[in-house]
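Data block below; observations after.
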Amino acid sequence: MASAEVFSPRTPGPARVVVLVSGSGTNLQALIDAAADPGYGAEILAVGADRDGITGLERAERAGLPVFVHRVKDFPARDAWDRELTDAVAGYRPDLVVTAGFMKILGPEFIAAFAGRIVNTHPALLPAFPGAHGVTDALAYGVKVTGCTVHLVDAGVDTGPIIAQGVVEITDADHADGGDALHERIKTVERELLVEVVGRLAREGHRIEDRKVRIPA
Ligand code: GAR
């Protein structure tokens, strides 16, 4: 695969970022907090969701950010939802889109519109344990270490080029409590990693070479 320039930093001004969430939004909150520093290099323009009544949207509203919600069930077909979500995000002219606990598979129109510029965070060490149950699938398999992966989104489920990973050890106690404590430990590592990666992409830009995400400097 040829090298492709995917995003060059915006000069002047911070990179424009839209974040998509489905749940508690602690990763979103970490990004909001980091972006409060002008030196971070990224500005969050809006937060979108696939459902109402989630803490992630409350966090966005508390930070004074515009929010939008597009629920799959309100559309006659999945591609209509895909188009609406694509248009809503494109309206903010983002340099980067971050899916931070967004529990829907993005459609082909969305992926084409923001190709190479969608950053996802996943609670397992990809390519192991993709999908919606990364934490409990790793526990059930019996691996001794798991963690989180920040990667670019492609047309597959959690198959895009990996940017960074963090490792978390699994203890015997994790099997007893069903994975909640493990997920919280993963999220502690994940928030720090996501903030670091988004900041680097925003400040330095990136390109993709043979599945490797290259960040200058
Ligand atoms: C995070 O652990 C994220 O990796 C996971 O949901 C959590 C969201 O937490 N995403 C997935 O499992 C996607 N397959 P948050 O709402 O507190 O940021």
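Every number in this text was worked out from the coordinates using simple rules, so none of it is lab data. Worth saying up front: this structure is predicted, and the values here are computed from it rather than measured. In this analysis, Cβ positions are derived from the backbone assuming ideal geometry, glycine residues included, and neighbour counts consider all displayed protein chains.
Annotation: the residues Thr11, Thr146, Thr99, Thr171, sorted from fewest to most other C-beta atoms within 10 Å of their own C-beta, follow the order Thr11, Thr171, Thr99, Thr146. The stretch between Val72 and Ala4 holds 21.2 nm of extra length on full extension. This uses 0.36 nm per residue minus the Cα-Cα distance.
Restricting attention to the chain, lysine pairs at least eight places apart or on different chains and with alpha-carbon atoms under 27 angstrom apart total 6. Helical content of the chain, expressed as a calculated mean residue ellipticity at 222 nm, amounts to -10500 deg cm²/dmol (DSSP H runs of 4 or more residues, -39,500 (n - 2.57) each, divided by residue number, nearest 500). Taking Cα centre as origin and charging only the Cβ of basic (Lys, Arg, +1) and acidic (Asp, Glu, -1) residues, the dipole magnitude of the stretch 52-197 rounds to 260 debye. Annotation: amide H-H contacts under 5 Å for Gly179 (H modelled 1.01 Å from N, sequence separation of 5 or more, or interchain): none. With θ taken as phi - 60° and the Karplus curve 6.51 cos²θ - 1.76 cosθ + 1.60 applied, the whole-hertz 3J(HN,Hα) list for the stretch 176-189 is 6, 9, x, x, 5, 5, 4, 4, 5, 5, 4, 5, 5, 5 Hz, x standing for glycine and proline. In the chain, the DSSP beta bridges split such that about 50 percent are antiparallel, to the nearest 5.
Under a model in which nothing but the beta-carbon of Lys, Arg (+1) and Asp, Glu (-1) is charged, the stretch 20-128 shows a dipole of about 200 debye around its Cα centre. Each label was represented as a point 7 Å from its Cα along the Cα-to-Cβ direction; for Ala140 and Ala164 these points are 3.1 nm apart. The length gained by stretching the chain between Glu184 and Ala112 to full extension, at 0.36 nm per residue less their Cα-Cα distance, is 22.6 nm. Applying the Karplus relation 6.51 cos²θ - 1.76 cosθ + 1.60 with θ = phi - 60° to the stretch 37-53 yields 3J(HN,Hα) values of 8, x, x, 5, x, 10, 10, 8, 8, 6, 10, x, 8, 9, 7, 8, x Hz, where x marks Gly and Pro.
Ranking Ala155, Tyr141, Gln165 by how far each Cα lies toward the positive end of the dipole of the stretch 68-217 (charges on Cβ) leaves Ala155 at the top. Normalised by the number of residues in the chain, the mean separation of alpha-carbon contacts (under 8 Å, six or more apart) gives a relative contact order of 24 percent.
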